[in-house]
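In what follows, a single structure is set out as structure tokens and then discussed.
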Amino acid sequence: MAKPVEQLSQVIVRFAGDSGDGMQLTGSQFTSETALLGNDISTFPDFPAEIRAPAGSLPGVSGFQVHFADFDILTPGDAPNVLVAMNPAALKTNIKDLPKGGTLIVNSDAFNDRNLQKAGYAASPLEDGSLDEFQLHSVPLTSLTVGALKGIDGVTPREAERSKNMFALGLMSWLYGRSIDPTIEFLESKFAKRPEIAEANVKALQAGYAFGETTETFAVTYEVKPAKLEPGTYRNITGNQALSLGLVAAAKLAKLPLFLGAYPITPASAILEELAGYKNFGVRTFQAEDEIAAAGAAVGAAFGGSLGVTTSAGPGVVLKAETIGLAIMLELPLVICDIQRAGPATGMPTKPEQGDLLMVLFGRNSESPVPVVAARSPSDCFDAAIEACRLALKYRTPVYLLSDAYLANGSEPWLLPDVGTLPDISTRLATKPNDGDQFLPYLRDEQTLARPWAVPGTPGLEHRIGGLEKADRTGNVSYDPDNHDLMTRLRAQKVAGIAGDIPELEVDDPSGDARILVLGWGGTYGPIAAACRRVRQNGRAVAHAHLRHLNPFPRNTGEVLRRYDKVLVPEMNLGQLLKLVRAEFLVDAVGYNRVRGLPLRAAEVARAIEALADQ
Amino acid sequence: MTLTAKDFRTDQEVRWCPGCGDYAILAAMQSFMPELGIERENTVFVSGIGCAARFPYYMNTYGMHSIHGRAPAIATGLATTRPDLSVWVVTGDGDALSIGGNHLIHALRRNVNVKILLFNNRIYGLTKGQYSPTSELGKVTKSTPMGSLDWPFNPLSLAIGAEATFVARAIDTDKAGMTAVLRAAAEHRGSAFVEIFQNCPIFNDDAFAFVRDDKDGANRIPLRDGEPITWGAGGEKALRQRSDGSIEVCDAAEDGVLVHDARHESAALAFALSRVTQDSLGGTPVGVFRDVERPVYDDLMAEQLATATAKRGEGDLAALLHSGETWDIG
Ligand SMILES: Cc1ncc(C[n+]2csc(CCOP(=O)(O)OP(=O)(O)O)c2C)c(N)n1
Ligand code: SF4
Ligand SMILES: [Mg+2]
């Protein structure tokens, strides 16, 4: 008998379990099922850096949060409404985020003495009444799964047990009315070589779904209607995937071969791995011996006429600094992607932070300006990558592209662009002398101040470039004091001039009455925009502006900042953009700063906005 | 148009110290280049930092004077994306073996199609005379007033250990010998490593006097492929391999004189020869130690691209964006 269906506008589910429990797979499959229903979605995987931390331990807990709704949402949600905890450690580390009255589904089989002890529970929380304030559903997921899989040939008891995540997924799919068909298809193709494992997983999934229908612990099911999103074709995409596709697209749009130099590092490795699969697009990926070589090889490829890119995270980016200085002097295009993570040093490799802004702006010797572009959401990494490549090619300069661990691994539906509407970023290579019958490698374009890009193989344009100061126009080595002063200023002017070639800073202030402005950059876009919505729902006006370009700033930035009585700058660092805007625009802005290795929460940003407004 | 040495000179004033061995190497290179028959625009010299690394400014080809130690990495990016070019790296003993050691060994093991010329003067020239990774133990320099504590690298042993497919040695003043080695390096597909003994009269004069001034051939051991290895003023000395693989000096008339085989499958012979030094056995081999074929990194990469394209067709951007699970909202 079908159970009653209750309508919800939005739900936030968090799957939490041991690293070996397959929570990332469970979460991403739940996301795929949800995407096909037309909900808007935002996801946030949160996992440890260790591949297999000791089983059942607190540091070994891996989580995946999915926010889905019948309207357009901006973040994976501050706190879950529903928590699925596969063992005591997962319960212990996540329960503090579940609000009173929230739905809690636990795998009761995992609450044995050993696991309780590992998680630091003296008594089982399932029995001591400590979970009374939640809607607790204690389900013996492991034994139900093992029971359901009896009789499949070639599946060991251990393998049967490992399918319990699919049982949980089946149950959650039933609870929220998601079809499990896409997951069945996925499992059958993933385990095509081991049909018995495919069968076990599919059976577990179906058993979980059926359990929901028949058990009495769940009285209702829920429905979240499709969101009214812009019409078009969508796919769910992570930031690292979008960034990779953006680089491939940029190379196509520029009509240049793409070369990526990279050394594996979390959370940037996925870009190297993704691009290694696009060889039929003429993409060359080079896994270098270190980050210095990765950047160097990209510079070498750029000298030869490729779109040279290097990807890394903070600890690797810092190694590239000298090479980026070389690219500034050589005035060759280069894109450096920094997928920021919590630091310093190794820090917290899988956790996001915005701590590298000042490094990418200033972390080099001498006067060495580099344009900086930052992505604001997972799908926006696509456009941000194209923009970074456009600037690098047009201005013959290294350009930083900033993302972070949250954007990199988080996902959202992406309205696929019409390829025909993407910008033409093609650039001209020099083919002939530019000063009578002479070729002057540092004779600049009057408008962009870019120098000609003459690649080896072009007859008559043979020339030598290098890290020693260049004489204006000829590019010969020069120690002339006035020439150095001139060249230093020209390099700075070239980058500053980009302000004329990027959009003005837009302000979101629906009522037009705001006296307070929230200024953000990069990956905090979602939480800040969601916070502003809340503040407005509470009846107050607030304006939001979000920077894509951090160097140079949009030309109207100072004017925008000065329009408001108060400016709040929320960041996942201790106030880096804040320092810049105070120094650059003499605006008495105030920071809101958290460095927990987690995205900002919309609720806390909303409180910070209201508190500043009340002051 | 046939090119001459003059075509490879630039209008830049050469700024090495008078008497520096780098001049001889530059001259030899400029007169050798036309013989290669490669257009100037298709040749690129990439260097790091040091006296030696100024080389590209003086070659009328494409060139890049980059940063300390990184030339092999930069050249790897260039050679891998532009297999049509002839790419040369010029480096010093500090540049290649100290700060850039990592890039050197990895370029060699990958067998990237670059020719790496290491100008070894056993000193840091540009920074005015500190000891280098090839300076001998106990060397007194500005930074080692009581003598260096570092055991030196043998550049050829290092290169062979790093899986180099071509390893050779030349002497700055021996134009004919150097030209022969450069020719063999250029003909070799893959990475070639050439150590060139280079005199720095300012900070380490006569470091290689035993072979540079060796008019009667008492110290140079010429390596000629397929020929017995003999030397000495009258060709009276020879090398012989012991059963444990190491090498000893014997009389040229004795049995078992080693016949040089640069193309031997095993690197053991080349390695053993690289251990023959003036200090160890009273002679210094020059010429090509090892020259074997192995798949070249750039070719392998190009092949993978071609295979992927043959299998999946040339990449279509719209199809790529629309790959994976998509859904429509009307
Ligand atoms: C990152 C960096 N560290 C140090 C230096 C200083 N430096 C320039 S050349 C050099 C040593 C060069 O020695 P070698 O490679 O033997 O070249 P030579 O001058 O002897 O030809 C050093 C330490 C530098 N330019 N860059
Ligand atoms: S210091 Fe030595 S190596 Fe450098 S240019 Fe002078 S002589 Fe040559
Ligand atoms: Mg030296």
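Here are the numbers:
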{"quantity": "B:Ala79 vs. criteria within 16 Å of ligand 1 (Cβ to nearest atom), modelled with pLDDT of 95 or more and in contact with a helix residue (DSSP H, G or I) (Cβ under 9 Å, 6 or more places away or on another chain)", "calculated": "no"}
{"quantity": "Counted residues, region A:488-540 - those being in contact (Cβ under 8 Å) with a residue 24 or more places away in the chain and within 30 Å of A:Gly467 (Cα to Cα)", "calculated": "14"}
{"quantity": "Number of positions in region B:28-54 that are within 13 Å of ligand 1 (Cβ to nearest atom) and either more than 21 Å from A:Ala297 (Cβ to Cβ) or open to solvent by 10 Å² or more (accessible area, probe 1.4 Å) (or both)", "calculated": "5"}
{"quantity": "Residue among B:Gly50, B:Gly37, B:Gly69 that alone is at the interface with chain A (Cβ under 10 Å from one of its Cβ atoms) and on the phi > 0 side of the Ramachandran plot", "calculated": "B:Gly69"}
{"quantity": "Yes/no for B:Ser132 being small (Gly, Ala, Ser), within 12 Å of ligand 1 (Cβ to nearest atom) and open to solvent by less than 40 Å² (accessible area, probe 1.4 Å)", "calculated": "yes"}
{"quantity": "Of the criteria (1) within 14 Å of chain B (Cβ to nearest Cβ); (2) among the charged types (D, E, K, R); (3) open to solvent by less than 10 Å² (accessible area, probe 1.4 Å), which one A:Asp404 fails", "calculated": "(1)"}
{"quantity": "Hits in region B:95-107 - residues which are more than 16 Å from ligand 2 (Cβ to nearest atom), open to solvent by less than 10 Å² (accessible area, probe 1.4 Å) and either more than 8 Å from chain A (Cβ to nearest Cβ) or within 19 Å of B:His188 (Cβ to Cβ) (or both)", "calculated": "B:Gly100, B:Leu104, B:Ala107"}
{"quantity": "Answer from A:Glu412, A:Glu446, A:Glu387 - the residue that is assigned to a loop (DSSP other than H, G, I, E, B) and either free of Cβ contacts under 8 Å to residues at least 40 places away in the same chain or open to solvent by 10 Å² or more (accessible area, probe 1.4 Å) (or both)", "calculated": "A:Glu446"}
{"quantity": "Count - residues of region B:26-51 that are within 16 Å of ligand 2 (Cβ to nearest atom) and in contact with a strand residue (DSSP E or B) (Cβ under 6 Å, 6 or more places away or on another chain)", "calculated": "3"}
{"quantity": "Selection from region A:450-468 of residues that are open to solvent by less than 20 Å² (accessible area, probe 1.4 Å) and away from chain B (no Cβ under 11 Å)", "calculated": "A:Ala450, A:Arg451, A:Trp453"}
{"quantity": "Subset tally (residues that are within 8 Å of another protein chain (Cβ to nearest Cβ) and of a type outside the set (S, T, N, Q)) for region B:292-330", "calculated": "19"}
{"quantity": "Subset of region B:110-129 [near ligand 1 (Cβ under 9 Å from one of its atoms) and within 14 Å of another protein chain (Cβ to nearest Cβ)]", "calculated": "B:Leu126"}
{"quantity": "Only one of A:Arg396, A:Arg428, A:Arg364 that is farther than 21 Å from A:Leu577 by Cα, basic (Lys, Arg) and crowded, with 18+ Cβ neighbours inside 10 Å", "calculated": "A:Arg396"}
{"quantity": "Pair list, Cβ under 9 Å, 6 or more apart: region B:8-28 residue under 13 Å from B:Tyr57 (Cα atoms) and aliphatic (A, V, I, L, M), other residue within 13 Å of ligand 1 (Cβ to nearest atom) and in a loop (DSSP other than H, G, I, E, B)", "calculated": "B:Leu26/B:Trp16"}
{"quantity": "Listing of strands (runs of 3 or more DSSP E) fully contained in region B:33-100 that carry 2 or more residues being away from ligand 3 (no atom under 16 Å from the Cβ) and farther than 21 Å from A:Glu331 by Cα", "calculated": "B:86-92"}
{"quantity": "Answer from A:Asn476, A:Asn434 - the residue that is farther than 22 Å from A:Ala295 by Cβ, within 11 Å of another protein chain (Cβ to nearest Cβ) and either open to solvent by 20 Å² or more (accessible area, probe 1.4 Å) or hydrophobic (A, V, I, L, M, F, W, C) (or both)", "calculated": "A:Asn476"}
{"quantity": "Residue in region B:124-131 that is of a type outside the set (Gly, Ala, Ser) and within 9 Å of ligand 3 (Cβ to nearest atom) present", "calculated": "yes"}
{"quantity": "Residues of region A:293-323 classified as buried (at least 24 other Cβ atoms within 10 Å of the Cβ) and assigned to a helix (DSSP H, G or I), total", "calculated": "15"}
{"quantity": "Test: residue in region B:277-291 that is in a helix (DSSP H, G or I), within 14 Å of chain A (Cβ to nearest Cβ) and among the acidic types (Asp, Glu)", "calculated": "no"}
{"quantity": "Lone qualifier among A:Ala375, A:Ala345, A:Ala405 - being hydrophobic (A, V, I, L, M, F, W, C) and in contact with a strand residue (DSSP E or B) (Cβ under 6 Å, 6 or more places away or on another chain)", "calculated": "A:Ala375"}
{"quantity": "From the options B:Ala253, B:Ala233, B:Ala270, residue that is away from chain A (no Cβ under 14 Å) and modelled with pLDDT under 95", "calculated": "B:Ala233"}
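Condition check ((1) open to solvent by 10 Å² or more (accessible area, probe 1.4 Å); (2) not basic (Lys, Arg)) across all residues:
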residue: A:Asn107; (1), (2): no, yes
residue: A:Arg114; (1), (2): yes, no
residue: A:Gln117; (1), (2): yes, yes
residue: A:Gly120; (1), (2): yes, yes
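Residue-by-condition table, conditions (1) more than 19 Å from A:Ala298 (Cβ to Cβ); (2) touching a residue at least 40 places away in the same chain (Cβ under 8 Å); (3) crowded, with 24+ Cβ neighbours inside 10 Å:
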| site | (1), (2), (3) |
| --- | --- |
| B:Pro56 | yes, no, yes |
| B:Asn60 | yes, yes, no |
| B:Gly63 | no, no, yes |
| B:Thr81 | no, no, yes |
| B:Asp93 | yes, yes, yes |
| B:Val112 | no, yes, yes |
| B:Asn120 | yes, yes, yes |
| B:Pro145 | yes, no, no |
| B:Ser148 | yes, no, no |
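So that you can scan it fast, the table gives a plain yes or no per residue for (1) modelled with pLDDT of 95 or more; (2) in contact with a Leu (Cβ under 8 Å, 6 or more places away or on another chain); (3) of a type outside the set (A, V, I, L, M):
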{"residue": "A:Gln65", "(1), (2), (3)": "yes, no, yes"}
{"residue": "A:Pro88", "(1), (2), (3)": "yes, yes, yes"}
{"residue": "A:Thr93", "(1), (2), (3)": "yes, yes, yes"}
{"residue": "A:Asp97", "(1), (2), (3)": "yes, yes, yes"}
{"residue": "A:Asp113", "(1), (2), (3)": "yes, no, yes"}
{"residue": "A:Gly120", "(1), (2), (3)": "yes, yes, yes"}
{"residue": "A:Leu136", "(1), (2), (3)": "yes, yes, no"}
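The values are calculated or read from the model by the stated rules, or taken from the named source; none is laboratory data. These numbers come from a predicted model, not from an experiment. No Cβ is skipped: glycine too gets one built from the backbone with ideal geometry, and neighbour counts run over all protein chains shown. Please note that ligands, DNA and RNA were not included when accessible areas were found on the heavy atoms of the full protein model with its side chains. Shrake-Rupley method; radii C 1.70, N 1.55, O 1.52, S 1.80 Å.
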